[in-house]
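Scroll down for the structure; my scribbles are underneath it.
The values are calculated or read from the model by the stated rules, or taken from the named source; none is laboratory data. Owing to the predicted nature of the structure, the values given are computational and were not obtained by experimental measurement. For neighbour counting, all protein chains shown are included, and Cβ atoms are generated from backbone atoms with ideal geometry for every residue, glycine included. Just the protein is used for accessible areas: all its heavy atoms, side chains included, with ligands, DNA and RNA removed. Shrake-Rupley method; radii C 1.70, N 1.55, O 1.52, S 1.80 Å.
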Amino acid sequence: MALTVPLALGALLATAGPAAAATPGAPGAGDPYFPLAGNGGYDVGHYGLTLGYDTASGHLDGRAVLTARATRSLSSFDLDLEGLTVTSVTVDRTRAAFRRDGQELVVTPRKALRAGQQFDVTVVYGGVPQPVTDPDGSPDGWIPTDDGAFVAGEPQGAMTWFPGDNHPADKASYDFTITVPAGTTAVANGVLLGRRTAHGRTTFRWRQTEPMASYLATATVGTFDVKQYRTADGVQVYSAVDPREAAEADPVVDQLPAVLKWESGIFGPYPFRAAGSIVDDAPDVGYALETQTRPLYDSAPSLSTFVHENAHQWFGDSVSLTSWQDIWLNEGFATYAEWLYSEQHGGRTAQQSFDALYARAATSSLWAFPPADPGSGENIFASPVYSRGAMTLQELRNAVGDKVFLRILRAWATEHRHGNATTAQFVRLAERLSGQDLGSLFRTWLYTAGKPATP
């Protein structure tokens, strides 16, 4: 926003003074639930990740090239990297000093970075990656399997396999070059550019051009049956299914074109040039994840789960969080997509889904906390975020009517396409398009603890 009044004398003198002294970048992006997630002082525009993975030993060799821009003068900056051994770091091809501090890789370039300066940082690293354990007890990151690795990064696991600015507020494009034993497949995000086999190793090259949060990146490795084709809209589909899951998974995965066509009709055009599925056999994981362009499942998914994870391509992947506290914007919306799909495909209506949940006793865990205020990282995958988040959308639908409600969903996906957004912005959008004061509705369903008095 441009100033339209004269600068105060103090501000005028400040602008005439010397450039601000370079200072260290912050070790976190300021997220209240994950204070060390992400970093301060720069934005990443692109990641170039070159990986070699040995499925027998579990050893990963990595070279990460990050193209970034300093948002202020930096004497040093942090990257998120858990475990693994760093052997060298360069900034603009000049060796830089580095040290480890827990999950932080602290880089000190030979020359301070100026505000606005674009720079490349290259990190060479390796080791046997280990998953982290999230506050809710689930594994996260590079998770070994009997034939490779299940690679899922929500909310913090990306740092287990590449260095970066590991917070959804900083989205970037990606290139992946992944070399694995011949006969094994490495599946990442976006479009497959090519594959080449030599000397018993196969290299896969993937490109994700649309902006992506780091937790949505994957490099899943295993033995897969692969299907490739284009949808009628020209979206490139690449689906990889573990043969042990194929009999149950294929009837669901093969519905991808129909599911995306239905979701596009509700939410607006599909936001990416690639799509697909990764169905692994990973019994110790316990969840699926909406990895961008290619959701990742630990086993054959149900159709409702399939609809849910693909709805995230709009809600969570294209429109991304600025804070993990707002995760209901991902999970409540994807859960509501399940309800809408059921309603429009002969199942129970969204209102019936709402009513079944509302019938639960006031002591139910559904009412343990409000969806837009989970309280801590331990609760971000709990039922209030998903189910009560979806109930909030049904209450909004009842308040504004079907026509306006669908306009709101579509406008949300369109106006924030490939960006980041907040709950406050969603409330303002709903009020603008409906012409109603919806403050009481959202206060009750998003921010008030306990079971609301009336549905």
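What percent do you get for the relative contact order of region 114-163 when only Cα pairs under 8 Å and 6+ apart count?
So the answer I get is 29 percent.
Output the DSSP H helices from the chain with an along-axis C-alpha extent of no less than 18 Å and a mean Kyte-Doolittle hydropathy no less than -1.0.
328-344, 402-415
Please give the charge dipole size of region 225-282, origin at the Cα centre, charges +1 on K and R Cβ atoms and -1 on D and E Cβ atoms. Round to the nearest 20 debye. Walk me through the numbers before you get to the answer.
Numbers: 5 positive and 10 negative charges, 83 e Å.
About 400 debye.
Please pull out the direction-averaged projected area of region 323-380, using the convex hull of its alpha-carbon atoms, in nm² to one decimal place. Show your work: numbers first, answer last.
Working: hull surface 17.1 nm².
Here the figure is 4.3 nm², rounded to one decimal.
Note the listed values [x] 161; [y] 122; [z] 146, then indicate which one is volume of the Cα convex hull per residue in Å³ calculated from this particular structure.
Read-out from the structure maps to [x].
Per-residue HN-Hα couplings for region 46-63, Karplus 6.51 cos²θ - 1.76 cosθ + 1.60 at θ = phi - 60°, whole Hz, x for Gly and Pro?
Here the 3J(HN,Hα) series is 7, 10, x, 10, 10, 10, x, 10, 9, 5, 6, 8, x, 7, 10, 9, x, 9 Hz.
Would you work out the relative contact order for the chain, in percent, from Cα pairs under 8 angstrom that are 6 or more residues apart?
11 percent
What Rg and what Dmax come out for region 274-430 when only alpha-carbon atoms are used, in angstroms?
15.3, 44
If region 99-177 were replaced by its equivalent ellipsoid, with semi-axes equal to the square roots of 5 times the Cα gyration tensor eigenvalues, what would those be, largest first, whole Å?
On the way: eigenvalues 143, 40, 38 Å².
Those come to 27, 14, 14 Å.
With all protein chains present, how much of the accessible area of the chain (probe radius 1.4 Å) comes from carbon and sulfur, to the nearest whole percent?
On the way: 9430 of 18120 Å².
Heavy-atom surface of the chain belonging to carbon and sulfur, 1.4 Å probe: 52 percent.
In square angstrom, what is the accessible area per residue of region 85-145 with a 1.4 angstrom probe?
52 Å²
Where the centre of each part is set by its Cα atoms, how far does region 224-242 sit from region 294-334, in angstrom?
Cα centroid of region 224-242 versus Cα centroid of region 294-334: 19 Å apart.
Radius of gyration and Dmax for region 198-248's Cα atoms, expressed in Å?
13.9, 38
Binned at 10 Å from 0, what are the whole-percent values of the Cα-Cα distance distribution for region 265-324, short to long?
23, 51, 24, 2
Given H placed 1.01 Å from N in the peptide plane, which residues other than close sequence neighbours of R201 have an amide H under 5 Å from its amide H?
Residues meeting the amide H criterion: A182.
Per residue, what accessible area does region 353-455 have, given a 1.4 Å probe and all protein chains present, in Å²?
Per residue, region 353-455 has an accessible area of 43 Å².
Enter the accessible area per residue of region 263-337 (Å², integer; probe 1.4 Å; all protein chains in place). Working shown, then result.
On the way: 1380 Å² over 75 residues.
Per-residue accessible area for region 263-337 comes out at 18 Å².
Cross-link partners among aspartates and glutamates for K227, C-alpha distance below 14 Å, same-chain residues fewer than 8 apart left out?
D242, D250, D254
Kirkwood Rh, Cα Rg: Rg to Rh for region 52-197?
Numbers: Rg = 16.0 Å, Rh = 16.4 Å.
Rg/Rh for region 52-197 comes to 0.97.
Could the peptides 358-365, 47-54, 87-94, 338-345 be put in order, highest first, of the mean number of other beta-carbon atoms found within 10 Å of their residues?
47-54, 338-345, 87-94, 358-365
Report the charge-dipole magnitude of the chain in Debye, nearest 20, computed about the Cα centre from +1 at each Lys and Arg Cβ and -1 at each Asp and Glu Cβ.
Using Cβ point charges on Lys, Arg, Asp and Glu, the chain gives about 1580 debye.
Need the list of lysines near K171 for cross-linking: C-alpha distance under 28 angstrom, and skip anything on the same chain fewer than eight residues off.
Answer for K171, where 28 Å is the Cα cut-off: K111, K261, listed by chain and number.
What percentage of all Cα-Cα pairs in region 30-96 are separated by more than 20 Å?
41 percent
Among P257, F267, S277, flag the residue with its Cα farthest along the positive direction of the charge dipole of region 211-325, charges on Cβ as +1 for Lys/Arg and -1 for Asp/Glu.
F267
Mind jotting down the distance between the C-alpha centroids of region 162-187 and region 358-420, whole Å?
Centre-to-centre (Cα) distance: 31 Å.
With 20 Å as the cut-off, how large is the P(r) tail for region 134-264, expressed as percent of Cα-Cα pairs? Don't skip to the end; give the middle numbers.
Details: 4515 of 8515 pairs.
For region 134-264, the share of Cα pairs beyond 20 Å comes to 53 percent.
Assuming R0 = 25 Å, what is the FRET efficiency of A112 and T87, from their Cβ-Cβ distance, to the nearest 0.05?
0.55
Please tell me the relative contact order of region 56-173 in percent, rounded to the nearest whole number, where contacts are Cα pairs under 8 Å and at least six residues apart.
Reported relative contact order: 31 percent.
Note down, for region 359-455, the three equivalent ellipsoid semi-axes (square root of 5 times each alpha carbon gyration tensor eigenvalue), biggest first, whole angstrom.
24, 17, 11
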